[in-house]
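J.: Here it is, the structure in full.
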Amino acid sequence: MGISYFFKAGKPIEASAWLKMVPLSSVPKHVHIRVRAAVLSLVVALSACSAGSNAILQTLPHAYGRNPGVDNARLNPNFRYLRVTIDGRVVLLALGNLDSHPQGPIEVWYSAEREVLRLQHGRLVGAVGLTTEWRDVLLHELPSWSAAARANQAILWTRTRDVMPGYRFGVKDVLSLRVVAEPMQSAVKGLDLRRLTWFEERAESGSVGGFSTFFGNSASADVPLPPALYAVDLHGGRETVVYGEQCLARDLCFTWQRWPVQADGQK
């Protein structure tokens, strides 16, 4: 299934209930985009996904949904995109906002199906509109990619997150970050893999906790997630994560890549 279906399955976020009050199929075509953008802006505001709602009004028409030809789509050069894959299907998300943060800017990416991903230094720090959602993600003592590349052993750091559904608050992950060889298989397109440094981020055994037991959830709900994988361009003093593989739950994984690929192989 395409990632749009993947994101839409299950219970919607609370704010998306507003969307059901305005069936977009009943809106005349000449005002379709305007109404869609206005309703989505309301959803973003109610979900507190980002303070810069004006950007999404411009971004929405450039976020591609279930389009089998998105790789060949003529894209607006004024926008930045993520190419996201699930089960071999592709969707493009458009960058709507850059939110300031003491640990570095947070990229807020939107799809045409109203899903929102938040990335900071290439790591997922928020996701709404999915069957599993991460909210209030905090990265503690986050190592730089350059420092991790120079280290002769894995670097440990911690992440906390609130997870829905299930009201799992303060879930803590103790993560180990290390350089690995490039994978034999990946969803990377158009990049020179030899230019990239690959990292694996793995949850340490028994590291996951939180308050899920207070809400009657089973212990299996807090099983550590599969490892994440990142491809980072470290040339010329850069620390640009150009590709990632991430799981929000054990049965909810996707890949992303900055898109389109530039002539030198990086975005």
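Table: residues versus (1) among the basic types (Lys, Arg); (2) in contact with a Phe, Trp or Tyr (Cβ under 8 Å, 6 or more places away or on another chain); (3) more than 30 Å from VAL90 (Cα to Cα).
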{"site": "ALA127", "(1), (2), (3)": "no, yes, no"}
{"site": "THR131", "(1), (2), (3)": "no, yes, no"}
{"site": "PRO143", "(1), (2), (3)": "no, yes, yes"}
{"site": "ALA147", "(1), (2), (3)": "no, no, yes"}
{"site": "ASN152", "(1), (2), (3)": "no, no, yes"}
{"site": "ASP173", "(1), (2), (3)": "no, no, no"}
{"site": "MET184", "(1), (2), (3)": "no, no, no"}
{"site": "TRP198", "(1), (2), (3)": "no, yes, no"}
{"site": "ARG202", "(1), (2), (3)": "yes, no, no"}
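J.: Sticking with this structure for a sec: Those residues that are touching a helix residue (DSSP H, G or I) at 6+ places or on another chain (Cβ under 8 Å) and hydroxyl-bearing (Ser, Thr, Tyr), I need them from the stretch 87-129; list them, please.
T.: TYR110, SER111
J.: State all residues of the stretch 170-213 that are of a type in the set (Phe, Trp, Tyr) and at pLDDT 90 or above; if no residue qualifies, say none.
T.: From the stretch 170-213, those of a type in the set (Phe, Trp, Tyr) are 198-199, 211; that's our starting set.
TRP198, PHE199 - these are the residues of the stretch 170-213 that are of a type in the set (Phe, Trp, Tyr) and at pLDDT 90 or above.
J.: Then there's this: Please enumerate the residues belonging to the stretch 136-189 that are aromatic (Phe, Trp, Tyr) and either assigned to a loop (DSSP other than H, G, I, E, B) or free of Cβ contacts under 8 Å to residues at least 12 places away in the same chain (or both). Write out each step before concluding.
T.: Applying the first criterion (aromatic (Phe, Trp, Tyr)) to the stretch 136-189 yields 145, 157, 167, 169.
Matches in the stretch 136-189: TYR167 only.
J.: Based on what the data block shows, is GLN153 polar (S, T, N, Q), crowded, with 18+ Cβ neighbours inside 10 Å, at pLDDT 90 or above and under 20 Å from LEU177 (Cβ atoms)? Show your work before the answer.
T.: Numbers: polar (S, T, N, Q): yes; crowded, with 18+ Cβ neighbours inside 10 Å: no; at pLDDT 90 or above: yes; under 20 Å from LEU177 (Cβ atoms): yes.
Judged against the criteria, GLN153 is not a match.
J.: Does the stretch 90-103 contain at least one residue that is crowded, with 19+ Cβ neighbours inside 10 Å, among the hydroxyl-bearing types (Ser, Thr, Tyr) and not assigned by TED's automatic domain parsing to the domain that holds PHE199?
T.: Filtering the stretch 90-103 for residues crowded, with 19+ Cβ neighbours inside 10 Å gives 90-97.
Among the residues that remain, those that are also among the hydroxyl-bearing types (Ser, Thr, Tyr) are: none.
So far as the stretch 90-103 goes, no, none of its residues is crowded, with 19+ Cβ neighbours inside 10 Å, among the hydroxyl-bearing types (Ser, Thr, Tyr) and not assigned by TED's automatic domain parsing to the domain that holds PHE199.
The values are calculated or read from the model by the stated rules, or taken from the named source; none is laboratory data. No experiment lies behind these values; they were computed from the predicted model shown. Don't worry about glycine lacking a Cβ; one is built from the backbone with ideal geometry, like all the others, and counts go over all protein chains shown.
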